[in-house]
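Working notes for the structure below.
The values are calculated or read from the model by the stated rules, or taken from the named source; none is laboratory data. Quick caveat, the model's predicted, so the values are computed rather than measured. Ligands, DNA and RNA are stripped out before the accessible areas are found, and what is left, the full protein with its side chains, is counted by its heavy atoms. Shrake-Rupley method; radii C 1.70, N 1.55, O 1.52, S 1.80 Å.
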Amino acid sequence: MAFLFVLSVGLIAGTISGIVGTGSSIMLMPVLVYAYGPKEAVPIMAVASVMANFSRILAWWREVDWRACAAYSVTGIPAAALGARTLLALPSHAVDLTIGIFLIAMVPVRHWLARHDLKANLWHLAIGGAVIGYLTGIVVSTGPLSVPLFLFYGLSKGAFLATEAASSLGLYFAKSVTFERFGALTGDVFIKGVIAGSSLMSGAFIAKRFVLHLEPDVFRLVMDAIMIAAGLSMLWNAAQP
């Protein structure tokens, strides 16, 4: 039953994130925590995120801006590995608390970013990759930060979805390798990650036909609601004895 629940939520999360460029980890993580616990859920989500981002690259392969991807990844990949190592040193309740606070805090941060007409270049992507990469290693998703960064660079629609996914792929892969190196990514955890990732991949291909029809205001409201609900769920888990 746990697998079916994860697959169902994963399909919905993969579809939504395939449309808006983020959100799959935010939606699926509370379910994984409920089913497997926070320490196991984080590496499971890392594997699933690798698959989800790879599927978005496949769906929009011709749209990837490889220069932007390289600038972001060259600093983001080592930073993500460092962040993942930091995460493994934290107790389970601290993991829940950190993720929950981060998700809720991203709502006002995203609104602040949206009010400022910022422009980004390759240097900004490299700096952002280092900061966001480290946070990605610690928390489950930094999409609310990486999404505006790539939008400020000037990408949109398919090019945005493909380039953000290609850039995030390296970060989540580094995170997964770090988990494996320090014994957190066992064979059983890897299989659970593949199962969750398969549903996210399916959702990404379903989403492609809807990308051009999503209203921006609807996207913003949905993402705010998802982040607050997921954040409160993680804080609830942290409060349990």
Discussion item. Which order do you get for F182, F150 if you rank them by accessible area with a 1.4 Å probe, largest at the top?
Written reply: F182, F150
Discussion item. Tell me whether the range 29-98 comes out rounded, prolate or oblate; compute the Cα gyration tensor, take square roots of the eigenvalues as a ≥ b ≥ c, and use a/c under 1.5 as the rounded threshold.
Written reply: oblate
Worksheet entry | Heavy-atom SASA rank of R67, R85 (probe 1.4 Å, accessible area, largest first) | R67, R85
